[in-house]
1. Among the residues of the range 48-65 satisfying the criterion of being surrounded by fewer than 18 Cβ atoms within 10 Å (Cβ to Cβ) and not in a helix (DSSP H, G or I), which is nearest to the ligand (Cβ to nearest atom)?
2. Being of a type outside the set (A, V, I, L, M), modelled with pLDDT of 95 or more and part of a helix (DSSP H, G or I) is the filter here; which residues of the range 31-44 pass it?
3. Of all the residues that make up the range 10-34, how many are among the basic types (Lys, Arg) and within 19 Å of Thr100 (Cβ to Cβ)?
4. With assigned to a helix (DSSP H, G or I), modelled with pLDDT of 95 or more and within 13 Å of Val37 (Cβ to Cβ) as the only criterion, which of Leu71, Leu107, Leu93 stands out?
5. Would you mind finding the one in Leu80, Leu12 that is buried (at least 18 other Cβ atoms within 10 Å of the Cβ) and either part of a loop (DSSP other than H, G, I, E, B) or away from the ligand (no atom under 12 Å from the Cβ) (or both)?
6. Could you list, ordered by first residue, the pairs with Cβ atoms under 8 Å in which the first is in the range 63-80 and under 22 Å from Met190 (Cβ atoms) and the second is within 7 Å of the ligand (Cβ to nearest atom) and assigned to a loop (DSSP other than H, G, I, E, B), at least 6 apart or interchain?
Amino acid sequence: MSQLIKPARLLLLGAPGSGKGTQTTRLLKQFPAISSVSSGDLLRKEISSKTQLGLLASGYIQEGKLIPDELIINLLTSYLSNNKWLTPKSTWLLDGFPRTQNQAKVLDSTLDKFNSKLNLVVELNVPEEVILERIENRFVHVPSGRVYNLQYNPPKILGKDDITGEPLTKRPDDNIEVFAKRLQEYKVTMGPLKDYYENQGILKVVSGETSDIIFPKLKELIVNKFD
Ligand code: AMP
């Protein structure tokens, strides 16, 4: 476990299946001061609770499309505000939001008001063939967002979450057809988003084929900047 001296406000970028969820879990263990939120996890909870937003979102998700900016911005800014993350001393990590340049600009204008801007954006760069293999073997525990991979990171009991024993599920958008659309959508939106953060001087890229290769590089970036 490591302490962080300066407030760290992080964003993880990466194609679907690049391991954002897995890296987040490892970072939270390493740096207990960091709190995290995943936009995909929030949406999956809305869907399983059958809220109005969940019903709307599930149509987009099943087609491999992005949720309209306005909806996702409202969901995430409410989360940030409700959890008291909008303060200059806060330390947190965003996974999956912002995903478009417009979302990034709107988020920045909110964060600016509270003097709590993002200060490190890291792209996880994983080869496409590795990602495709991972997706076929991925299972999730929706209430917690914990991610398992039958090959690299299997649950202790097949089909059950290690901590709660509750059932694991396959994401309906983790099939080849929808996944191809998600990957395409990612490629289209990521260029402008990366340019936006590159211009702010806060974008870094870490590359590797496995979580064990990526994690030490990610950790080093964080330690160097915030310790
Ligand atoms: P993820 O778990 O991050 O792969 O997200 C699953 C799905 O939720 C995506 O394919 C999108 O349909 C939707 N989603 C998650 N985050 C966002 C976002 N920031 N903007 C728009 N749609 C999103």
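1. So, considering only residues that are surrounded by fewer than 18 Cβ atoms within 10 Å (Cβ to Cβ) and not in a helix (DSSP H, G or I), the one nearest to the ligand (Cβ to nearest atom) is Lys65.
2. Ser39
3. Initially, the range 10-34 is screened for residues among the basic types (Lys, Arg), giving 20, 26, 29.
Checking the rest, the ones that are also within 19 Å of Thr100 (Cβ to Cβ) come to 20.
Residues meeting the conditions: 1.
4. Working: Leu71 fails: within 13 Å of Val37 (Cβ to Cβ); Leu93 fails: assigned to a helix (DSSP H, G or I).
Result of the check over Leu71, Leu107, Leu93: Leu107.
5. Values: Leu12 fails: either part of a loop (DSSP other than H, G, I, E, B) or away from the ligand (no atom under 12 Å from the Cβ) (or both).
Going through Leu80, Leu12 in turn, just one is buried (at least 18 other Cβ atoms within 10 Å of the Cβ) and either part of a loop (DSSP other than H, G, I, E, B) or away from the ligand (no atom under 12 Å from the Cβ) (or both): Leu80.
6. Gly64/Asp173; Leu66/Arg99; Leu66/Thr100; Asp69/Thr100; Ile72/Leu66; Ile72/Phe97; Ile72/Arg99; Leu76/Phe97
The values are calculated or read from the model by the stated rules, or taken from the named source; none is laboratory data. Quick caveat, the model's predicted, so the values are computed rather than measured. Reconstructed Cβ throughout: ideal geometry from the backbone, glycine too, with neighbour counts over all protein chains shown.
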